[in-house]
Amino acid sequence: MQHRKAVVQMVFDVFYEIGFSSIAVNFQNEMRTLWRQHLPGETWRMMWGTYEDADSGGEQLDMSRAETQGWYYDAGEYEKLQAVKTSIDPRDVFHTSFTVRPG
């Protein structure tokens, strides 16, 4: 898991239909406010989420893209995971566009 030295990690998913993105943005803003109120001295960082623009053709969740990898993994971490994937699943049997690819 990334950022293992973190004291608190919070993950939440927001699903919404086209035209309702403002509700999702408001929810994220509320979460930021709660974080600041209840953990005022703690460093916080909102990670890029697994959302996808309808017109992207799936590229925003395509883990073969360096840009997508950068949203989820620190430098060098994706390559380490690729080595594990290559040794365990070299033919990429367990595959989605969002999974780590063999190296």
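The values are calculated or read from the model by the stated rules, or taken from the named source; none is laboratory data. The shown structure was predicted, so the numbers you read here are calculated from the model rather than taken from an experiment. Positions of Cβ are backbone-derived with ideal geometry, glycine not excepted, and every protein chain shown enters the neighbour counts.
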Inset, instruction - Tally the residues that are among the β-branched types (V, I, T) and closer than 13 Å to V14 by Cβ, restricting the search to segment 24-38. - result: 1
Legend entry - In segment 1-19, residue nearest to K80 (Cα to Cα) [restricted to those that are surrounded by 10 or more Cβ atoms within 10 Å (Cβ to Cβ) and at pLDDT 75 or above]: V14
Inset, instruction - Could you grab me the full set of residues in segment 34-58 that are loosely packed, with under 10 Cβ neighbours inside 10 Å and either modelled with pLDDT of 80 or more or touching a strand residue (DSSP E or B) at 6+ places or on another chain (Cβ under 7 Å) (or both)? - result: Q37, H38
